[in-house]
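Here the structure is laid out as structure tokens; the discussion comes afterwards.
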Amino acid sequence: MSNPVNLAILASGNGTNAQQIAEYFMDRDDVVVRTIIYNKRDAYVATRAKNLGIESHYFNRHDFMESDAVLDFLRERKIDYVILAGFLLLVPNNLLQAFPNRIVNIHPALLPKYGGKGMYGHHVHEAVVANHERETGITIHVVDHRYDCGTTLFQARCEVVPTDTPDDVAAKIHLLEKEYFPRVIDAFIFNKPMPAL
């Protein structure tokens, strides 16, 4: 059999999406989550990685933005695709050049709405509620040199009702992320049709 596709997951916080992706591919022999990289020293994603038996490694902002430390680490592990799962730094040019069209991110809104620097997590949900949006959702996209601007691969939507709080919206978004993010990664890697809505 040919070598499996090696994934690296980059995360900054809790790591819910990282765990769901790892579990989705756990019993597959054609895809392996090789490593989980995080950039906040106390990020809970490191505990999740340990519980899953996946190598994890901390790199600080300098490692990402001003050195080749992360790139060298990924090359040593023969990484094919990089998945951003709640990763809050702008991806540096050395990684973009090393993995052209092979870095994928998820955003908790229907881009181009509510994207850009500072728009992540609860900031997005608060803005959606404050602006009385009737729907929101997730966007899974290829990463380029700007926040939330790369080619869109997939969007899924959910209703926002007038009584929804930002926490209510977050719960709806988490359900969409769980259902679709691993499946869209799978489809993208193997050039298969995207999941049906």
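The values are calculated or read from the model by the stated rules, or taken from the named source; none is laboratory data. Predicted model, so just to flag it, every value in this text is computed and none were measured. Heads up, the Cβs are rebuilt from the backbone with ideal geometry, glycines too, and the neighbour counts pull from every protein chain shown.
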Just one of the numbered conditions (1) outside the structural domain of Asn17 (by TED's automatic domain parsing); (2) closer than 24 Å to Tyr44 by Cβ; (3) touching a strand residue (DSSP E or B) at 6+ places or on another chain (Cβ under 8 Å); (4) in contact (Cβ under 8 Å) with a residue 40 or more places away in the chain is not true of Phe87; which one?
-> (1)
Which members of segment 115-148 meet the condition of being closer than 19 Å to Asp167 by Cα, touching a residue at least 40 places away in the same chain (Cβ under 8 Å) and either of a type in the set (Asp, Glu) or not assigned by TED's automatic domain parsing to the domain that holds Thr165 (or both)?
-> Glu126
Give segment 57-80 a look and list any residue that's small (Gly, Ala, Ser) and either within 15 Å of Thr16 (Cβ to Cβ) or part of a helix (DSSP H, G or I) (or both), or say none.
-> Ala69
Could you say whether any residue in segment 121-129 is of a type in the set (A, V, I, L, M), surrounded by 14 or more Cβ atoms within 10 Å (Cβ to Cβ) and more than 29 Å from Leu175 (Cβ to Cβ)?
-> no
Identify, from the list Tyr81, Tyr38, the residue that is surrounded by fewer than 19 Cβ atoms within 10 Å (Cβ to Cβ) and in contact (Cβ under 8 Å) with a residue 24 or more places away in the chain.
-> Tyr81
Taking segment 142-158 as the search range and keeping residues that are of a type in the set (D, E, K, R), at negative phi and not in a strand (DSSP E or B), which one is modelled with the lowest pLDDT?
-> Arg146
Condition broken by Ala196, with the remaining ones in (1) among the small types (Gly, Ala, Ser); (2) farther than 30 Å from Val32 by Cβ; (3) at pLDDT below 95 satisfied = (2)
Every residue from segment 107-128 that is modelled with pLDDT of 95 or more, out of contact with any Asp or Glu (no Cβ under 6 Å at 6 or more places or on another chain) and hydrophobic (A, V, I, L, M, F, W, C) = Ala109, Leu110, Val124, Ala127, Val128
If we scan segment 107-119, do we find a residue that is surrounded by 14 or more Cβ atoms within 10 Å (Cβ to Cβ) and not in a loop (DSSP other than H, G, I, E, B)?
-> yes
Would you pick out the residues in segment 10-25 that are in a loop (DSSP other than H, G, I, E, B) and of a type in the set (S, T, N, Q)?
-> Ser12, Asn14
Please verify whether segment 159-175 includes one or more residues that are hydrophobic (A, V, I, L, M, F, W, C), closer than 30 Å to Val31 by Cβ and assigned to a strand (DSSP E or B).
-> no
